[in-house]
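Working notes, structure below.
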Amino acid sequence: MKTLIITGTRKGLGRSLAEYYLKAGWQVAGCSRSPSDLSHASYRHFELDVADEKAVVEMVAAVDQQMGPIYGLVNNAGVASMNHALLTPLSTLKRIFDTNVSGSFLFAREVAKRMSRRRSGGRIINFSTVAHPLDLEGESAYAASKAAVESFTRILARELASMQITVNAVGPTPIDTDLIRGVPAAKMEALLTRQAIQRKGQIEDVINVLEFFLREESSFITGQTIYLGGVH
Amino acid sequence: MNQTKNSRVETLVLETVKQLAIDFELKGLEVPRRESLLYGDGGALDSMALVNLLADLEAGVEDAFGVSITLADERALSAARSPFRSVESLVEAISERLEG
């Protein structure tokens, strides 16, 4: 039974991913800032802020020791904020970078240390967004944070290659979750017209890419970002 | 830090370096000693081997002492003398962090 860490599992996409992999027979460790009502024999939940270094170090150590070797990490936890740059407070920018960049960095670093020590290799998957390649107005802080995640993904892929750890990213289109609640319908419509396939994404679309990255056979795939919907 | 704890740290570092030397086929570190040079001038480790050693040591410290430490922290990176220079300096760095 393989072990997977998925961040941001209390609700939305992260919750669905945790349920999917539990059903598929994986052991899953998840986290969020508040408690989760997800109950399953193979699931363990940790309450933490993904940008809290000490808490992340302790969670990854606990998972490694109590749930066996960590095979994969899915850095799903993320926050967005849609606003014109001139109306965006610094505190919002910092909050977005803390969760999206620092959180992904800390989890990747700690999980890679464990994989390195066990000489077991593994899979790290980060989350980007089509907002970055599409240069969406109103999403400067969010898209910039994901641009950082993509750069981190590519460089980490090189740094961890000799440890047989692959590092990739998936860039979803809008999916109906809390992340895009509050985006005006006209703006959403305009965004969709810029995709080759003009529909919102489904959770299954994201899972399909994760499955590809997680497969043992994908050991030669690293440093890649796959966008959904025909965006590049 | 008391003597027993200090010698436990030294044993841990020596054993971890020894295992790393086997895994990475590092010449000259098969039988490490307290004064063995690790990283930098005259050291046997390249940067990847050092990364692996630090990861191994952090996990080893946690197993042995039940404490999570980070060796490559701000203190280490700004120190005038690198704590990764030798077995001895690593023992010192770990002991300092265990003392908090």
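Please name all residue pairs, on different chains or six or more residues apart, with Cβ atoms under 7 Å, provided the first residue is in the stretch A:23-39 and is over 17 Å from A:Met59 (Cβ atoms) and of a type outside the set (Phe, Trp, Tyr) and the second residue is surrounded by fewer than 21 Cβ atoms within 10 Å (Cβ to Cβ) and modelled with pLDDT under 95.
Note: pairs meeting the criteria are A:Gly25/A:Met1.
Show the residue pairs that are 6+ apart or on different chains and have beta-carbon atoms under 8 Å apart, the first residue being within the stretch B:72-88 and modelled with pLDDT of 85 or more, the second being of a type in the set (Ser, Thr, Tyr) and part of a loop (DSSP other than H, G, I, E, B).
Pairs that qualify, where the first residue is modelled with pLDDT of 85 or more and the partner is of a type in the set (Ser, Thr, Tyr) and part of a loop (DSSP other than H, G, I, E, B), are B:Ala76/B:Ser82; B:Ser82/B:Tyr39; B:Phe84/B:Tyr39; B:Arg85/B:Tyr39; B:Ser86/B:Ser36; B:Val87/B:Ser36.
Applying the selection to the stretch B:22-44, what residues are of a type in the set (A, V, I, L, M) and either away from chain A (no Cβ under 14 Å) or within 10 Å of B:Leu90 (Cβ to Cβ) (or both)?
Once the filter is applied, which keeps residues that are of a type in the set (A, V, I, L, M) and either away from chain A (no Cβ under 14 Å) or within 10 Å of B:Leu90 (Cβ to Cβ) (or both), the stretch B:22-44 yields B:Leu26, B:Leu29, B:Val31, B:Leu37, B:Leu38, B:Ala44.
Of the residues in the stretch A:93-117, how many are at the interface with chain B (Cβ under 10 Å from one of its Cβ atoms) and among the small types (Gly, Ala, Ser)?
Residues in the stretch A:93-117 being at the interface with chain B (Cβ under 10 Å from one of its Cβ atoms) and among the small types (Gly, Ala, Ser): 2 in total.
Pick out the one residue from B:Val31, B:Val67, B:Val61, B:Val51 that is crowded, with 20+ Cβ neighbours inside 10 Å and β-branched (Val, Ile, Thr).
Working: B:Val31 fails: crowded, with 20+ Cβ neighbours inside 10 Å; B:Val67 fails: crowded, with 20+ Cβ neighbours inside 10 Å; B:Val51 fails: crowded, with 20+ Cβ neighbours inside 10 Å.
Among B:Val31, B:Val67, B:Val61, B:Val51, only B:Val61 is crowded, with 20+ Cβ neighbours inside 10 Å and β-branched (Val, Ile, Thr).
Please enumerate the residues belonging to the stretch B:34-47 that are surrounded by fewer than 15 Cβ atoms within 10 Å (Cβ to Cβ) and of a type outside the set (Gly, Ala, Ser).
So the first thing to find is which residues in the stretch B:34-47 are surrounded by fewer than 15 Cβ atoms within 10 Å (Cβ to Cβ), and the list is B:34-35, B:40-42, B:46-47.
Of everything in the stretch B:34-47, those that are surrounded by fewer than 15 Cβ atoms within 10 Å (Cβ to Cβ) and of a type outside the set (Gly, Ala, Ser) turn out to be B:Arg34, B:Glu35, B:Asp41, B:Asp46.
Hey, A:Leu87 hits all of (1) modelled with pLDDT of 95 or more; (2) more than 14 Å from every other protein chain (Cβ to nearest Cβ) but one; which does it fall short on?
(1)
Under the condition of being closer than 19 Å to B:Gly28 by Cα and among the hydrophobic types (A, V, I, L, M, F, W, C), which residue from the stretch B:55-90 is farthest from the other protein chains (Cβ to nearest Cβ)?
Restricting to residues being closer than 19 Å to B:Gly28 by Cα and among the hydrophobic types (A, V, I, L, M, F, W, C), the top hit is B:Val87.
What's the number of the condition A:Asn76 fails, among (1) surrounded by fewer than 21 Cβ atoms within 10 Å (Cβ to Cβ); (2) within 30 Å of A:Gly230 (Cβ to Cβ)?
Going through the list (1) surrounded by fewer than 21 Cβ atoms within 10 Å (Cβ to Cβ); (2) within 30 Å of A:Gly230 (Cβ to Cβ), A:Asn76 breaks only (1).
Which residue is surrounded by the fewest Cβ atoms within 10 Å (Cβ to Cβ), if the candidates are limited to the stretch A:122-145 and must be part of a helix (DSSP H, G or I) and either on the phi > 0 side of the Ramachandran plot or hydroxyl-bearing (Ser, Thr, Tyr) (or both)?
Here the residue is A:Ser140.
Scan the stretch A:3-35 for residues that are more than 26 Å from A:Thr173 (Cβ to Cβ) and buried (at least 19 other Cβ atoms within 10 Å of the Cβ) and report the count.
3
Restricting the first residue to the stretch B:1-30 and requiring it to be in a helix (DSSP H, G or I), which pairs with a second residue that is crowded, with 18+ Cβ neighbours inside 10 Å and among the hydroxyl-bearing types (Ser, Thr, Tyr) meet a Cβ separation below 9 Å and a spacing of at least six or different chains?
If the second residue must be crowded, with 18+ Cβ neighbours inside 10 Å and among the hydroxyl-bearing types (Ser, Thr, Tyr), the pairs left are B:Leu14/B:Ser36; B:Val17/B:Ser36.
The values are calculated or read from the model by the stated rules, or taken from the named source; none is laboratory data. Just so we're clear, the structure is a prediction, and the values are computed from it rather than from any experiment. Note that each Cβ is placed from the backbone with ideal geometry, even for glycine, and that neighbours are counted across all protein chains shown.
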